Structure formats: C-alpha cells, structure tokens
1. Distance in nm between label sites at CYS39 and VAL89, each 7 Å beyond Cα in the beta-carbon direction?
2. Measure off, as a whole percent, the carbon and sulfur share of the 1.4 Å-probe accessible area of segment 136-245, all protein chains present.
3. Between ASP82 and THR498, 0.36 nm times their residue separation minus their Cα-Cα distance comes to what?
4. Work out from phi, with θ = phi - 60° and the Karplus expression 6.51 cos²θ - 1.76 cosθ + 1.60, the ³J(HN,Hα) of each residue of segment 298-312, listed in order in whole Hz, and give x for Gly and Pro.
5. How many Å³ per residue does the convex hull of the Cα positions in segment 1-56 occupy?
6. Quick one: dipole size for segment 208-298, taken about the Cα centre, charges +1 on Lys/Arg Cβ and -1 on Asp/Glu Cβ, in debye to the nearest 20.
7. Please state the shape class of segment 199-286: rounded when a/c is under 1.5, otherwise prolate if a/b exceeds b/c and oblate if not, all from the C-alpha gyration tensor.
8. Based on the alpha-carbon gyration tensor of segment 1-115 and its eigenvalue square roots a ≥ b ≥ c, which shape applies: rounded if a/c is under 1.5, prolate if not and a/b is larger than b/c, or oblate?
Amino acid sequence: MTRLVVVGNGMVGSRFVEDLLAADTSGRYDVTVVGEEACEPYNRVLLSEVVAGKHDLAALTLPTPTSPRLTVLRGQPAAHLDREDRVVVTSDGRRLRYDRLVLATGSAARVPPLDGLRSRDQQHGHDRHRGGDHLTAGVHALRTIDDAREVVAATLNARRAVVLGGGVLGMEAACGLARRGVVVTVVHPASTLMERQLDAAAGRVVELAMARLGIDQRVGVGATSAVVEGGHLTGLRLDDGELVPADLLVLATGTVPSTSLAAGAGLTVDRGVVVDDDLRSPDDHRVFAIGDCAQPPEGGTGLVAQGWEQSRRLAAHLCRESVASASASFGSSHSSSPGVAANGSTARPLSTGRAPRSSTSGSDVVRLKAHGLDVVTMGVCGSDRADDPAQRTLRLSDPDVGRHVEVVVSGGRLVGATCVGAGAVAADLVTTYTRRTPVPADPAYLLLPALAPHPAAGPTSPADLADDTTVCRCNGVTKADIAASVHGGATSAADIATATRATTGCGGCRDDVCALLDWLTPASSPDGAGTGENHVTKGKHMIHSTETAGS
Ligand SMILES: Cc1cc2nc3c(=O)[nH]c(=O)nc-3n(C[C@H](O)[C@H](O)[C@H](O)COP(=O)(O)OP(=O)(O)OC[C@H]3O[C@@H](n4cnc5c(N)ncnc54)[C@H](O)[C@@H]3O)c2cc1C
C-alpha cells in the first residue's frame with residue numbers, strides 16, 4: 001500500500017480524493033484527508049449565491065466517496081509537515097506518515113491592514129482570515145460556509161452595508177446584499193470597478209448599471225479605517241475623509257494562497273506553492289500541490305476549473321506512476337525509489353501525462369454571478385492592446401440602457417471580448433473565443449446579435465453544437481459526454497450531474513444541460529430530433545450558452 005495524505009478537504013482536495021479512488025483500480029493507495037473545516041466539503045463558488053438568497057446552504061455539500069481505503073479527518077488542520085520523517089502532524093498531535101503528499105490548502109480571504117477591522121486582541125494578527133481570527137463585530141470576509149452563514153444572519157438586522165473591494169467577488173456580494181434589501185455602498189480604490197477585467201468605458205457602464213440596482217459606489221477612493229463604537233462597526237472612513245455609515249462590512253479584498261505549511265517545511269513558495277508541470281514540488285518528489293494554493297508554471301487562476309483539471313491530471317499521473325513502479329516497489333511504505341533520499345529531496349525524472357480533457361483554452365472567461373448585473377469577459381481588453389497593429393477592436397456602447405459589447409480580433413480569431421448587459425451575444429462570443437472559430441470577414445457582425453436578435457444570430461440549437469463543445473467549463477464536460485450519459489440512461493439534470501459532473505461547479509450551465517436533455521430525450525421529440533442525430537432546429541430546445549456557463 002502507498003500511503004497518500006491529502007491536506008485540505010475543500011473543492012479541489014475532495015475532488016482529488018474522488019478522482020484518485022476512481023482511477024486507482026488496483027487499490028494501491030491508502031488515502032487520508034486532513035481538513036481544517038469541520039463540515040463536509042461544499043461548493044464554495046456558490047457562497048455568493050447563498051448571500052443573494054438564491055441557494056440554500058444545505059444544498060452545497062459535495063460528494064465524499066466511501067471506501068475502506070479512505071480516512072477523512074475533519075476539523076483537524078495540519079499544523080506541521082516533517083519532510084525528513086515524511087509525517088504530517090495535525091493540530092491535535094496526530095502523526096500521519098505518507099509516501100505521497102498532496103497539498104490542497106486553498107486560499108484565505110485577505111484582510112487589509114486597516115485600523116478597526118480586527119477586534120482589539122487581534123490587531124496584530126495575520127493578514128489572512130481564518131476561523132480563529134477575530135474580526136470586529138459587523139466585519140465579515142466571504143470565503144467559508146461560516147462566513148456566508150454569518151453574512152446572511154447579519155443582513156437580518158443590518159440597514160446599511162459596505163462592500164470593500166469592487167472586483168468580481170465584491171460585485172457579487174454587493175448585488176446579493178442589495179437583493180436582500182440592504183442599502184449597499186461599494187468602496188473600490190482602483191479607478192474602475194473590476195479593473196482586472198474591465199477598461200474605463202466598460203467600468204462606467206457597470207457603475208451605471210449598479211446605480212440602477214440602487215447600489216451606491218465610491219470608486220477611486222480607498223478606506224483608511226473601520227469606525228467602531230461599543231465594539232461594533234458603525235462605518236467606514238474613506239481616504240477623502242468621508243464616513244460611510246454601515247453596520248455590516250463585507251471584505252472582498254482578494255485572497256492569499258494558504259502556503260504556511262509548505263513554507264514551514266522548506267518547500268519553495270512564491271505567491272503559491274511552486275510546482276512543475278506535473279504539479280510536483282521542485283524540492284521534493286513526494287509532494288504535490290493543486291488548486292488555489294498551487295503555483296504551476298502557467299500561474300494560478302484562482303478558479304475552480306483549473307484546480308479540478310489538476311485533480312484529474314494528478315490522479316491519473318499517480319495511478320500510472322503507481323502501476324509503473326509496482327514491480328520496483330516504488331512508493332512502497334518501506335522503501336524509497338532508487339537514487340532518491342528518504343525525504344525525496346533528489347527529484348527523479350517524471351513522465352508527463354496530461355488528462356485528455358484538460359482544457360486551458362478559455363480558462364480566463366469570467367462570468368459574474370450577480371443578480372441584475374450581467375458581465376462576461378474573456379481574453380484581452382481593447383484598451384490593453386497597446387499599439388499592437390494586428391489587433392482590431394470594435395465596440396458597441398450604450399450606457400443609458402446598460403449595454404456595452406467589445407470584441408478584439410486578431411488573425412481572424414476572437415482574442416478578447418467584454419459584454420455588459422448582453423447575455424445572448426456573450427454566450428456566442430464565449431463559444432467563438434474558446435473554440436477559436438474563425439470570425440466573419442467583417443467582425444462587426446460579431447456585435448450584431450447584441451442589436452437585433454435574429455434567428456440566425458440568436459440562441460443556438462443543441463443540434464448545431466459540435467460534439468466536442470464544452471458545455472460545463474468547470475468540469476470540462478462536452479456535448480458528447482452529456483449525450484453519452486443520456487444514451488446511457490440519464491433522464492434528468494441530476495442524473496447527468498451524477499454521470500458527468502456537469503452543473504456541479506458554478507451551476508451556470510444548468511439551462512444548457514436541460515436544453516440538451518430536452519433535445520436528446522426521445523419522448524420530447526416525436527419527430528426524431530431527440531436522437532441527437534437529426535439536425536433540425538427546435539424552438540423549444542434553444543441553448544443560449546455553449547461555454548459561458550463556467551460551471
Ligand atoms: C464567494 C466565492 C465565489 C467564487 N466564485 C467562483 C466562480 O464563480 N468561479 C470559480 O471558478 N471560482 C470561484 N471561486 C473560487 C473557488 O471557490 C476556488 O477556486 C476553489 O474553492 C478552490 O478550491 P481549493 O480546494 O483549492 O481551495 P478551497 O476550496 O479554499 O479549500 C481549501 C481547504 O483547505 C483547508 N485547509 C487550509 N489549510 C489547511 C491545513 N493546514 N490543514 C487542513 N486543511 C487546511 C481549508 O480550510 C479549506 O477547507 C469563488 C470563491 C468564493 C469564496
């Protein structure tokens with residue numbers, strides 16, 4: 001048996017355990033998972049939907065496989081890593097020996113160094129939010145299920161909320177709080193909301209759209225301190241001296257990869273735990289890192305699709321490695337591989353293997369999950385293209401109705417797009433972008449669906465989608481995968497989720513999966529369209545997004 005310890009039982013660690021046990025057909029691995037959070041793993045992506053009242057906390061639980069080869073230790077953070085003895089020590093003193101170690105410790109909410117954010121005894125704490133850190137009453141991060149529970153509870157009495165940070169999470173939190181009837185102000189020190197995704201023109205359209213939702217904004221102004229009276233937050237003081245009254249402050253000021261365990265054990269850490277193409281630490285061939293805590297050569301995205309793709313890839317790799325090395329006792333709990341020190345400090349060459357469905361193309365598509373605000377971005381932004389003469393930018397901007405669509409084309413391909421308030425065209429552009437399909441000779445046609453929905457330019461029929469079109473981006477599930485699950489007996493979206501995992505990420509692909517199910521189900525298609533082979537456009541089976549979903 002090869003002893004494998006996974007540290008972190010979040011979205012990626014728990015998925016890795018599933019992937020590994022499924023791939024380990026020879027039963028060589030004995031797996032122990034150590035999770036800091038006491039609850040079962042859950043879908044963190046949907047926490048902003050919980051704040052918005054669109055998802056129930058109870059429905060977020062992710063599956064945990066049952067296997068005699070699996071031990072799950074919840075509510076026990078790994079406190080120390082001893083690479084010499086190959087032992088993980090938990091906070092309650094348990095010592096777990098490993099032959100392979102997978103770090104999936106995720107990231108934590110960043111707490112900016114502002115006066116008043118922490119309760120008095122914690123003023124000199126870390127710059128990250130963890131359960132043990134005490135924020136001032138009324139101040140909350142939004143990273144964990146406990147955070148979401150507390151924010152929702154706080155909205156029952158809060159009259160005014162401030163969201164500090166106008167990035168993706170801040171926008172989602174602000175719209176969610178507004179949906180609950182709280183008066184919200186977003187404070188964002190950069191000159192544009194979502195400045196990592198939007199230029200000034202698009203940002204302005206978003207500002208106006210937010211104002212229409214009743215959300216107040218202070219853009220280009222930072223905060224200096226949280227004002228606290230009687231131990232409870234009463235407002236946020238801004239750079240320009242203004243005091244924004246608030247009894248609830250939600251911090252959306254970025255995340256910090258959780259790397260302290262790795263750094264304490266002498267592993268190379270930059271922003272995240274540095275790993276190579278095989279997700280292995282360059283310092284120790286026995287140690288791997290995946291998910292938000294990892295820093296692979298291409299950089300970490302902070303998005304779950306990347307972590308889940310790493311999970312599939314690492315599970316496949318470890319099982320291949322296990323089989324290949326069985327005869328040489330590599331990975332045995334009693335032996336080291338030839339030429340490798342017991343602590344693994346001399347890395348050996350690896351065979352590189354990529355999961356067949358790994359999809360990095362289009363991994364920078366960002367889709368806001370915000371009630372009443374429709375923003376989708378991908379690739380380059382027109383104003384970022386500097387003086388690249390190969391790129392051409394076309395824009396349709398109509399701030400008064402909250403609509404802004406920009407496309408950037410180069411070499412006959414779409415290399416970037418920004419869509420605000422233009423859901424249908426966004427769906428088509430994501431498809432064009434991620435599939436790298438040629439754009440029309442006159443790229444202005446890419447903007448037309450935003451103006452005049454026309455059958456030819458409107459929603460796509462499932463029949464028209466190529467089999468390899470990705471429907472669920474979080475899980476890399478294609479139209480063909482979904483068709484196979486239906487032909488294999490799936491009769492509901494839940495069945496398809498069980499068979500393929502589609503819809504189990506951000507959930508944005510649910511409508512598309514249902515449209516495909518309708519189209520593929522014979523009972524709903526007496527003329528044969530339900531076979532999935534009859535390329536007849538059916539009005540009732542329109543699919544809006546092939547790849548916007550991000551789910
Ligand atoms: C509100 C919100 C909305 C989001 N929306 C999206 C979205 O729309 N799309 C998207 O792709 N991504 C989104 N994300 C990001 C997504 O949730 C992360 O990419 C994903 O959770 C990463 O998974 P992970 O397992 O690497 O980290 P996590 O899910 O953070 O899990 C890490 C786990 O490790 C545990 N841990 C840490 N240290 C230790 C230790 N020493 N010992 C034991 N356990 C430890 C932590 O407690 C945690 O349970 C969102 C995140 C939030 C908070």
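The values are calculated or read from the model by the stated rules, or taken from the named source; none is laboratory data. Note that this is a predicted model, so its numbers are computed, not measured. Cβ placement follows ideal geometry from the backbone for every residue including glycine, while neighbour counts extend to all protein chains displayed. Heads up: the accessible areas ignore ligands, DNA and RNA and are worked out on the full protein's heavy atoms, side chains in. Shrake-Rupley method; radii C 1.70, N 1.55, O 1.52, S 1.80 Å.
1. Label at CYS39, label at VAL89, 3.1 nm between them.
2. Carbon with sulfur: 49 percent of the solvent-accessible area.
3. The ASP82-THR498 span can extend by a further 145.9 nm.
4. 7, x, x, 9, x, 10, 5, 4, 5, x, 5, 5, 4, 4, 4
5. 83 Å³
6. 200 debye
7. Oblate, because a/c is 1.5 or more while a/b does not exceed b/c.
8. oblate
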